[in-house]
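Engineer: Starting off with a structure, shown below.
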Amino acid sequence: MAINRDLLPDASDCGYRLSEEGSTLFITMDKRFDSLHRVDRWAQRLVNAAPPPYDEVRIDLSGFTLISSTIIAGLVYLYDRYANDGAGRIVLVNATERVKHCLQMTRLDNFFTFA
């Protein structure tokens, strides 16, 4: 598997960084994500650049105390594409208790593993 970086917006404007190791995709969300201009359809662009299957997708949310509806919608899209279609699991890394609570309130916490 290889990430096609030509399908991604400029790194300074997309709100996340991608890397991979074996069959694991690593997504590091930028804490400036919601203030950037190119965040619409971010998850679709990401999946196009790094299509399934991956055994595991690890999303680092360490820069966030809360998450926006744009991020939540993207997480659902990533779950649908990587966990359902790709038969992998989605791991949210460094999620704060407030982020976990947001996902619990929307009943999405069971879709993800927390690390």
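The values are calculated or read from the model by the stated rules, or taken from the named source; none is laboratory data. This one's a predicted model, so the numbers in the text were calculated from it and none came from an experiment. Cβ placement follows ideal geometry from the backbone for every residue including glycine, while neighbour counts extend to all protein chains displayed.
Engineer: Is segment 96-103 home to any residue that is in a loop (DSSP other than H, G, I, E, B) and either in contact with a helix residue (DSSP H, G or I) (Cβ under 8 Å, 6 or more places away or on another chain) or over 14 Å from Met29 (Cβ atoms) (or both)?
Structural biologist: Looking for residues that are in a loop (DSSP other than H, G, I, E, B) and either in contact with a helix residue (DSSP H, G or I) (Cβ under 8 Å, 6 or more places away or on another chain) or over 14 Å from Met29 (Cβ atoms) (or both), one finds none in segment 96-103, hence no.
Engineer: Those residues that are crowded, with 16+ Cβ neighbours inside 10 Å and not in a strand (DSSP E or B), I need them from segment 78-93; list them, please.
Structural biologist: Leu78, Tyr79, Arg81, Tyr82, Ala83, Gly86, Gly88
Engineer: Separate question: Which residue pairs have Cβ atoms closer than 6 Å, lie 6 or more positions apart in sequence or on different chains, and pair a first residue in segment 6-22 that is at pLDDT 75 or above and surrounded by 13 or more Cβ atoms within 10 Å (Cβ to Cβ) with a second residue that is among the hydroxyl-bearing types (Ser, Thr, Tyr) and part of a loop (DSSP other than H, G, I, E, B)?
Structural biologist: Close Cβ pairs satisfying both conditions: none exist.
Engineer: From the residues in segment 34-46 that are modelled with pLDDT of 85 or more and surrounded by fewer than 20 Cβ atoms within 10 Å (Cβ to Cβ), which one is nearest to Leu7 (Cα to Cα)?
Structural biologist: Going through the qualifying residues, I end up with Arg45.
Engineer: In this structure, is Thr70 polar (S, T, N, Q), surrounded by 13 or more Cβ atoms within 10 Å (Cβ to Cβ), touching a helix residue (DSSP H, G or I) at 6+ places or on another chain (Cβ under 7 Å) and modelled with pLDDT under 95?
Structural biologist: yes
Engineer: Given the structure, is Thr28 of a type in the set (S, T, N, Q), under 17 Å from Leu8 (Cβ atoms) and surrounded by fewer than 20 Cβ atoms within 10 Å (Cβ to Cβ)?
Structural biologist: So Thr28 fits the description; yes.
Engineer: Look at segment 94-115 and say how many of its residues are surrounded by 16 or more Cβ atoms within 10 Å (Cβ to Cβ), out of contact with any Leu (no Cβ under 7 Å at 6 or more places or on another chain) and among the aliphatic types (A, V, I, L, M).
Structural biologist: Residues in segment 94-115 being surrounded by 16 or more Cβ atoms within 10 Å (Cβ to Cβ), out of contact with any Leu (no Cβ under 7 Å at 6 or more places or on another chain) and among the aliphatic types (A, V, I, L, M): 1 in total.
Engineer: Also, I was wondering about something else. Mind checking which pairs have a first residue in segment 45-61 that is at positive phi and a second that is surrounded by fewer than 17 Cβ atoms within 10 Å (Cβ to Cβ) and modelled with pLDDT of 95 or more, Cβ under 9 Å, 6 or more apart or different chains?
Structural biologist: none
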